[in-house]
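To start, the structure under review is shown below, and the notes come after it.
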Amino acid sequence: MATLQVRNLVKRFGETIAVNKVSFDVHDGEFMVLLGPSGSGKTTTLRCIAGLEMPDEGEIYLDGELINYVPPKDRDMAMVFQSYALYPHMTVYDNIAFPLKLRKLPKSEIDSRVKEVAEMLRISHLLGRKPHQLSGGEQQRVALARAIVRKPRVFLMDEPLSNLDAKLRVYMRAELKKLQKELGVTTIYVTHDQVEAMTMADRVIVLNKGIIQQLGTPYELYHKPQNLFVAGFVGSPPMNFFEGELVEEDGRILFKTSEFTLELPYEAGRIALRKASGSIVILGVRPEHIYVAEEKGPRSIEATVFVVEPLGSETILDFKIGDKIYKLRHEGELDFKPGDKILVTYDPDRIYLFDKKTGKALLY
Amino acid sequence: MPRIRKKKNYTRKYVLILLLPGLILLVAVVIFPFLYTLWLSFLRWNLRFSWAKPHFIGLENYKNAILSDPRFYNSLEKTFYLMAGAVPIELLLGLGLALLFHTGFPGKRITMPFFLIPLALSGAVVGLIWGLIFVLTYGPLDYIFQVTGIWRFVFGGRVDLLISHPMGCIITADIWQWTPFFFIILLAALSSVPKDLMEAAMMDGASSTQAFRYIALPMLKPAIAVALIIRMIDVFKTFGVPFVMTKGGPGYASEVVSLYIYNEALQYLDIAYAATLSVIVIVIIIVFLNAFMKAFRFKFTGGG
Ligand SMILES: Nc1ncnc2c1ncn2[C@@H]1O[C@H](COP(=O)(O)OP(=O)(O)OP(=O)(O)O)[C@@H](O)[C@H]1O
Ligand SMILES: [Mg+2]
């Protein structure tokens, strides 16, 4: 059982700053996800925590104890590598037993513990094989088994599911989450897949260019993105952004673009006007909060159908306003052809406003 | 179908044409000399007696070599001394250097070439260098041993090492010459051990020594085996260093097998007998390597 504190972590590689003043706490037994696009510094952060990389600045505390200078082998953290890093010359059994052998546990205890985890991860029948005789999913479970067999204080997992096919990945997500809750081990999990982050995490850290963009529960990330980056990164398909001018006219708050003008809810508009650094703002609406309107109304906008993507239970409709393309998500089917003229409207309570200059959210 | 067959013939012709230069070379420098040597070994033919025409005597040369040639056994013994004395140390030193260069240190790039120089030198040059180092009165070793008191405490006085310890001198030179061979092969092999495996071992609780012992070393095994095999064959061919440093002396005290064969062929001009010795040495090497590969459980085909 462990808590982890990271304070002002900085890691540079020559000119690039891979991790830039990152601070966060991980509670005991928490499933914390590090989410960010490729090159955002997730792996580097994880490796600093593991002790495989020496931070240039900042401190890392494990249960209140500074561990910057503690070598990896003494941190009692288990890591699942993105590449699995199974020892190719050892059998699955020996791979899983390796951490226990290093701790000089009695043979009988090693044996019972290896068999126990193998049972738990359903790889008992593979114990005699070498890693190269396993499928990707099996290798991944062996890597997991090697991590959990010694009941470490912290799990560190670097995109452990990224090499699996879609179906196995969905299955393993649930398994992994269940396993983590059963064992109650504090976990930091790296992924660039926002669906994985949203479904598995207790809390998520969104990283970009080495800087924390937001730290919060999946609910908070989705409903209250603190900036443009998080708003655009979380959610699929991503949020639609419209650039326009925010003005107050005759007691109404209007959002004006070159193509259309919308009236915003007064309260929200007031807050945004007060917080904005300039008059140019970005309006964000998620595809699931845009609808095809039956008839012209105060919030309807004329658009042209661009592409229809039927996904079975839902349909993604790409439409054009002016020369820009936006998306809406519709539960069920939509019967349109490219080029059709339609009217779209949106849910006024589900809009986001961001400052153009700072990217900061203006409403929450 | 005819088209396919035509294509097949076409490629087969090219295969032959492309193989031909290699085959010719192989026949010219390996197969023909070997068969000729084999043929010579069944003859009586000594160039000193120019009037005596070579004639076939069957296995008599082999009988002589195996049953009544103590000098041959002596030369084999010296060769095995060299192997036992030099090769393990070369392996260990080479491995140590490879580890040092693999982990890296400041000045690594500049020092690297110096460790590879010996590889570029011929045995004769190495023999010359070390002969000059070991020689008494003006050799640097003499001075160092005098200053450090090694003469007095280890050898009980100043001695000519080339005479008192000729094999020791040859082994020293051989180690200097061939350690770089293990060094570069093992350095290349080390850099092919995936870094994340070593890191995984450390996360699993291994010290760097344990990570090396349990992860890197098993993966280096094939490279070590190949390097050892090459070197062990090579030891039987060691010629330049003893030839220049000691001439096999004093007496026959450092006459390794290739030096003895050389002496038989070009000092005593007994071509046929030298050929016989060569064939026996080849057989010894083959038997020896087979035993070694069994012991190492080494298969060239790879896999488990
Ligand atoms: N050993 C290194 N040497 C130099 N630059 C590095 C090194 N490791 C990482 N970087 C750089 O640091 C930045 C962050 O890399 P990092 O591997 O942490 O990204 P990531 O978020 O894990 O990305 P991905 O999702 O692609 O794995 C990148 O710009 C990368 O090029
Ligand atoms: Mg990464």
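The values are calculated or read from the model by the stated rules, or taken from the named source; none is laboratory data. Everything numeric here is computed off the predicted structure, so don't read it as measured data. We place every Cβ from the backbone using ideal geometry, glycine too, and count neighbours over all the protein chains shown. We work out accessible area using only protein heavy atoms, side chains counted, and drop any ligands, DNA or RNA first. Shrake-Rupley method; radii C 1.70, N 1.55, O 1.52, S 1.80 Å.
The alpha-carbon atoms of chain A define a convex hull whose volume equals 167 cubic angstrom per residue.
Where only DSSP H runs of four or more residues are counted, the protein assembly as shown gives -14500 deg cm²/dmol as its mean residue ellipticity at 222 nm, each run worth -39500 (n - 2.57).
In order along the stretch B:131-143, phi translates into HN-Hα couplings of x, 5, 6, 7, 4, 6, 6, 10, x, x, 5, 4, 5 Hz, rounded to whole numbers, per the Karplus curve 6.51 cos²θ - 1.76 cosθ + 1.60 with θ = phi - 60° and x for Gly and Pro. The label-point distance for A:Glu267 and B:Leu67, in a model that sets each label 7 Å from Cα toward Cβ, rounds to 11.7 nm.
Along the stretch A:103-110 the Karplus relation, 6.51 cos²θ - 1.76 cosθ + 1.60 evaluated at θ = phi - 60°, assigns HN-Hα couplings of 8, 6, 6, x, 3, 5, 6, 4 Hz to successive residues, with x for each Gly and Pro.
Placing pseudo-labels 7 Å out from each Cα toward the beta carbon at B:Lys247 and B:Leu289 gives an inter-label distance of 3.4 nm.
The overall shape of chain B, judged from the alpha-carbon gyration tensor, is oblate: a/c is not under 1.5, and a/b is no greater than b/c.
Mean-square fluctuations from a GNM of chain B, with a 10 angstrom spring cutoff on Cα atoms, peak among B:Leu190, B:Leu18, B:Leu132 at B:Leu18. Label sites at B:Asn46 and B:Arg152, each approximated as a point 7 angstrom past Cα along Cα to Cβ, lie 5.3 nm apart. Report the calculated FRET efficiency for A:Phe306 and A:Leu334 (r = Cβ-Cβ distance, R0 = 22 Å), to the nearest 0.05. Given R0 = 22 Å and the Cβ-Cβ separation, E is 0.95. Only Cα pairs under 8 Å and 6+ residues apart enter the sum, and on that basis the relative contact order of chain A stands at 15 percent. Enter the angle in degrees (range 0 to 90, nearest 10) between the Cα long axis of helix A:136-148 and the first principal axis of the Cα atoms of chain A, meaning the one along which they spread out most. Here the helix axis deviates by roughly 70 degrees. List the residues of the stretch B:188-217 whose backbone N lies under 18 Å from a point placed 7 Å from the Cα of B:Leu116 along the Cα-to-Cβ direction. Counting backbone N atoms under 18 Å from the label point, the list is B:188-192. Backbone phi angles across the stretch A:307-324, fed through the Karplus curve with coefficients 6.51, -1.76 and 1.60 (θ = phi - 60°), yield HN-Hα couplings of 9, 10, 10, x, 10, x, 6, 9, 10, 9, 10, 8, 10, 10, 10, x, 10, 9 Hz in residue order; Gly and Pro are listed as x. When you filter the GluC sites (Glu not before Pro) in the stretch A:249-356 for DSSP loop state and at most 15 other Cβ atoms inside 10 Å of their Cβ, you are left with A:Glu259, A:Glu294, A:Glu295, A:Glu333.
Note on chain A: with a GNM built from Cα contacts shorter than 10 Å, the maximum mean-square fluctuation among A:Val117, A:Val234, A:Val308 falls on A:Val308.
Each of the chymotrypsin sites (Phe, Trp or Tyr not before Pro) that DSSP puts in a loop and that has at most 12 other Cβ atoms within 10 Å breaks chain B; the longest unbroken stretch is B:139-299. Taking a ≥ b ≥ c as the square roots of the Cα gyration tensor eigenvalues, with a/c under 1.5 meaning rounded and otherwise prolate when a/b beats b/c, else oblate, which class fits the protein assembly as shown? It is prolate, given that a/c is not under 1.5 and a/b is the larger ratio.
In this assembly, the A-B interface accounts for approximately 1700 Å² of buried accessible surface in total, computed with a 1.4 Å probe and without ligands, DNA or RNA. For the pair A:Val247 and A:Thr358 in one chain, pulling the backbone fully straight at 0.36 nm per residue adds 38.1 nm over the alpha carbon distance.
Cβ-Cβ distance of B:Leu35 and B:Phe296, R₀ of 35 Å, FRET efficiency by 1/(1 + (r/R0)^6): the value works out to about 0.65.
Put +1 on the Cβ of each Lys and Arg and -1 on the Cβ of each Asp and Glu in the stretch B:196-262; which of B:Val256, B:Pro222, B:Phe236 then has its Cα farthest toward the positive end of the dipole? Checking the options against the dipole of the stretch B:196-262, the answer is B:Val256. Select from the stretch A:65-173 those chymotrypsin sites (Phe, Trp or Tyr not before Pro) which occupy a DSSP coil region and have at most 12 other Cβ atoms within 10 Å, ordered by residue number. When the chymotrypsin sites (Phe, Trp or Tyr not before Pro) of the stretch A:65-173 are filtered for loop state and at most 12 Cβ neighbours within 10 Å, A:Tyr69 remain.
Within the stretch B:181-203, what residues put their amide N at less than 20 Å from the label point 7 Å along the Cα-to-Cβ vector of A:Lys101? The answer is B:193-203. Rolling a 1.4 Å probe over the heavy atoms of the protein chains gives chain B an accessible area of 57 Å² per residue.
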